[in-house]
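Undergrad: Have a look at this one before I ask anything.
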Amino acid sequence: MDRIMGHSLDNLRAEPMTPRERMAAFASGGELDRLPFILHIGEYASRHIGVSVARYSHEPALMAEAQCAVFREYGPDSIGVGPGLLGIAEAMGADLKFPEDGMPYIGGAVIHHESDLDRINPADPYRDGRLPLFLEALKIIDDRIGRQVPVSSSIGGPLTAAAALRGTENLLKDFYRRPEWVHRLLMIVTESALNYIDAVAALGLKTGISEPMASSSLISPAHFEEFVVPYLKLYTERIKKHYGRGPHLHICGDTKRIWQKMAETGATTISLDEIVNLEEVKKAVGDRVAIAGNVSIETMLLGNSFQVEKEVRECLRKAYDNPCGFIVAPGCALPLHTPRENVHSFAAAVRRYARYPIDPFLL
């Protein structure tokens, strides 16, 4: 493994552009040495310093150490930590459980009656939940490697946070029974998220959004437009106000029926699940937004190096020429037990096949 890590560092040093330079050129439409790649690392980073997910999730120094180790090992074009899918809800009172070495999960709904909303306040990012821990970790990471690579945070979208507080099944029923209550909850959640976005911006950093609950596999396009789009626009407008560009927006599952609406939220990049055909996305909205995706996380977890390389090449073949740009990425967050050699194969395939000038006959 030491040999592999050294090889990765050699690759990073040998490239004509640093990740920070590459992403700046990507954002401005400038010339690139190769297409960027990101890894959706999340809690998988804990594997790189040999600590449990529970410890990693509660110690800013460990978060920073792990993310810096990931950067040194693979050299992705973005790195960072954040409250993720559940952190905003946790800061608002959600019961978040931490298995010793598994993914955190919600222990149960905390909002049962409309009167419960009266005691729920927007989260303070400097005081509530683990939000202060993420801000501290971001500062450490940016101080250590921010000159080389863009450092960013991530938060769950409004519907995902609301579902964590209310319970998914209850919230979906509320769409029909008491939509006004849903909107009230979504507004409080959104105020919490905007507070966190502001705190990240105060560090000079940007926030991305993941909104798995908004997938068309779970809700209808009509409900997406009614209950998600207005609030996502508030997120993206605040991020754009601070940063000058909209955020990276990831939505899991089948999103074909909402691609146009995703592009309308103000996101600069839309990140897509592996079940989505990138060629179709490119034709539908590629002239409006950059695309990120969508190597199978099942292949990353269970496949071998050759299969990972094949999937990277397939993604490139379909979307390397997207008019607004393409970022190679997994279709979702890397599973905790993903073999490190597969992540190395992912990074090596991008460096080999996504280097300009890209030859489509080699893909």
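Undergrad: How much mean residue ellipticity at 222 nm does the chain get from its helices, if each DSSP H run of length 4 or more adds -39500 (n - 2.57) and you divide by all residues, to the nearest 500 deg cm²/dmol?
TA: -14000 deg cm²/dmol, from helical runs alone.
Undergrad: How much length is gained if the chain between Lys283 and Glu59 is pulled fully straight, taking 0.36 nm per residue apart and subtracting their Cα-Cα distance, in nm to one decimal?
TA: The span from Lys283 to Glu59 would gain 76.3 nm if fully extended.
Undergrad: So which chymotrypsin sites (Phe, Trp or Tyr not before Pro) in the stretch 66-161 end up in coil per DSSP with only 16 or fewer other C-beta atoms within 10 Å?
TA: Sparse-neighbourhood loop chymotrypsin sites (Phe, Trp or Tyr not before Pro): Tyr126.
Undergrad: So, one more: For the chain, which longest stretch is free of loop sites, where a loop site is one of the GluC sites (Glu not before Pro) that DSSP puts outside H, G, I, E and B and that has at most 14 other Cβ atoms within 10 Å?
TA: My reading of the result: 101-363 is the longest stretch.
Undergrad: Still on this structure, I have one more. Between Ala24 and Phe98, what is the label-to-label distance in nm when each label sits 7 Å out along the Cα-to-Cβ direction?
TA: Taking the simple label geometry, Ala24 and Phe98 are separated by 3.6 nm.
Undergrad: If we restrict to alpha carbons, what Rg and Dmax does the stretch 187-280 come to, in Å?
TA: When restricted to Cα atoms, the stretch 187-280 yields Rg and Dmax of 13.2, 38 Å.
Undergrad: Using alpha carbons only, how many angstrom separate the centre of the stretch 178-196 from the centre of the stretch 134-169?
TA: 18 Å
Undergrad: Also, I was wondering about something else. Distance in nm between label sites at Leu363 and Ile275, each 7 Å beyond Cα in the beta-carbon direction?
TA: Once both label points are built, they end up 2.4 nm from each other.
Undergrad: Return Ser296, Ser52 ranked ascending by Cβ neighbour count within 10 Å, so the fewest neighbours appear first.
TA: Ser52, Ser296
Undergrad: Work out, step by step, the length gained on full extension between Ala222 and Asp118: first 0.36 nm times the residue separation, then minus their alpha carbon distance; give nm to one decimal.
TA: 34.6 nm
Undergrad: Can you pull a Stokes-Einstein diffusion coefficient for the stretch 2-357 at 4 °C (1.567 mPa s), Rh from Kirkwood over Cα pairs, as a whole number of µm²/s?
TA: 64 µm²/s
Undergrad: Next up: Which order results if Lys318, Lys139 are arranged by neighbouring Cβ count within 10 Å, fewest first?
TA: Ascending number of Cβ neighbours within 10 Å: Lys139, Lys318.
Undergrad: Gap in Å between the Cα centre of the stretch 294-363 and the Cα centre of the stretch 39-59?
TA: Measuring centre to centre over Cα atoms gives 23 Å.
Undergrad: May I pose another question? Which FRET efficiency value, to the nearest 0.05, is calculated for Lys240 and Tyr126 with the Förster distance at 22 angstrom and r the Cβ-Cβ distance?
TA: 0.45
Undergrad: Counting DSSP beta bridges with both partners in the chain, what percentage is antiparallel, nearest 5?
TA: If I count the DSSP bridges inside the chain, around 10 percent turn out antiparallel.
Undergrad: Ok, one more. Which whole-number percent is the relative contact order of the chain (Cα, under 8 Å, 6+ apart)?
TA: For the chain, the relative contact order is 17 percent.
Undergrad: Over the Cα atoms of the stretch 79-237, what radius of gyration and what Dmax do you get, in Å?
TA: Considering the stretch 79-237 through its Cα atoms, Rg and Dmax are 15.6, 51 Å.
Undergrad: Please list the non-local residues whose amide H lies under 5 Å from the amide H of Ile106, H modeled 1.01 Å from N, same-chain partners needing a gap of 5 or more.
TA: Sorted by chain and number, the residues that satisfy this are Lys97.
Undergrad: So what are the stretch 20-100's ellipsoid semi-axes, whole angstrom, largest first, if each one is the square root of 5 times an eigenvalue of the alpha-carbon gyration tensor?
TA: Each semi-axis is √(5λ); the values are 29, 16, 9 Å.
Undergrad: How many nm is it between the label spots at Arg257 and Glu191, if each spot is 7 Å from the Cα in line with the beta carbon?
TA: Using points 7 Å along Cα→Cβ, the separation is 3.3 nm.
No lab work stands behind these numbers, since they all come straight from the coordinates. Keep in mind the model is a prediction, meaning the values are calculated, not measured. Note that we place each Cβ from the backbone using ideal geometry, even for glycine, and neighbour counts take in every protein chain shown.
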